[in-house]
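Notes follow once the structure below has been shown.
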Amino acid sequence: FEFHFDSDSEFDHANYDELFSEALIQDAGFLLEPQWRLERIQLKHEIERALIPFIRWCNEDGWEFHAAEERLEGSLWGLHLKGFADAVLLKGNKHLILDYKKSQSKDRIKRLNSGYDLQTLIYRELYGQQNELSISTIHSGYYTLNDITLVLDNNDQTTVDGIEKAHLNVSLTDQSSQAVALIKDRIKQLTKGIVCLNTLADNKTWKGLGVS
């Protein structure tokens, strides 16, 4: 999926087969073996089904691709953090950091609404530090490929056939507030030499919050 935005070949639906083959040669050559034929065909259709409406949404909503696998680095809560964002899109002075998930959106939405999503907050903060941008111009979200759903931090109203939009029930700050409080608490404990481990009993609680 990511290859199509980081390829020297300009994407066109007509050359999807060619681009898909290029991506496999580059990143997953084993799928070209005869014994992987069924898996290869299934993956090809799954990606195409998610890719085409996503490109249409980008075009209709005015987002342009700025970077794929953007390296991010900075500091939060006294910790040095770094990682990679799947994609950064631009529209005027707005920046959208998007993470692709080969999953469905149900748990992701539950996690955001319960305040336990941390990934998008970290992306926004590090991207803002790195580029000296106001945090108000930076947006974030997920695109879940299995159910073709955009989960954005604002209630974007652009509708595109074939793509679902998740509407969140909480503010941007509240989407990560519980996770941030827990992280800060854990850091305090660690500095005192206290290590808290999860137990089997925690599984049900975390699952109810959308956390695996």
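The values are calculated or read from the model by the stated rules, or taken from the named source; none is laboratory data. None of these values were measured; they are calculated from a predicted model. Using ideal geometry, Cβ is built from the backbone for each residue, glycine included, and neighbour counts are taken over all protein chains shown. For accessibility, only protein heavy atoms count, side chains too; no ligands or nucleic acids. Shrake-Rupley method; radii C 1.70, N 1.55, O 1.52, S 1.80 Å.
Structure summary
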| quantity | calculated |
| --- | --- |
| R0 of 45 Å, Cβ-Cβ distance W206-N131: FRET efficiency to nearest 0.05 | 0.85 |
| Rel. contact order, % - alpha carbon contacts under 8 angstrom, at least six apart, the chain | 18 |
| Carbon/sulfur fraction of accessible area - the chain, other protein chains in place, 1.4 Å, % | 51 |
| Gain in span if fully extended, V170 to Y100, counting 0.36 nm per residue against the direct Cα distance | 23.0 nm |
| Range in the chain, longest, excluding exposed GluC sites (Glu not before Pro) [loop by DSSP; at most 10 other beta-carbon atoms within 10 Å] | 11-131 |
| Candidates Y143, Y16, Y123, ranked by Gaussian network fluctuation over the chain, Cα under 10 Å, top entry | Y16 |
| Solvent exposure of the stretch 1-127 as accessible area per residue, Å², 1.4 Å probe | 54 |
| Listed residue pairs exceeding 22 Å between alpha carbons, taken from K101/K184; K106/K188; K102/K165; K110/K204; K44/K82; K110/K165 | K101/K184; K106/K188; K44/K82 |
| Over the stretch 120-212: Kirkwood hydrodynamic radius from C-alpha pairwise inverse distances, Å | 16.1 |
| Prolate/oblate/rounded call for the chain, Cα gyration tensor, a/c under 1.5 rounded | prolate |
| Residue among D17, D153, D174 with the largest mean-square fluctuation in a Gaussian network model of the chain, springs linking Cα atoms under 10 Å | D17 |
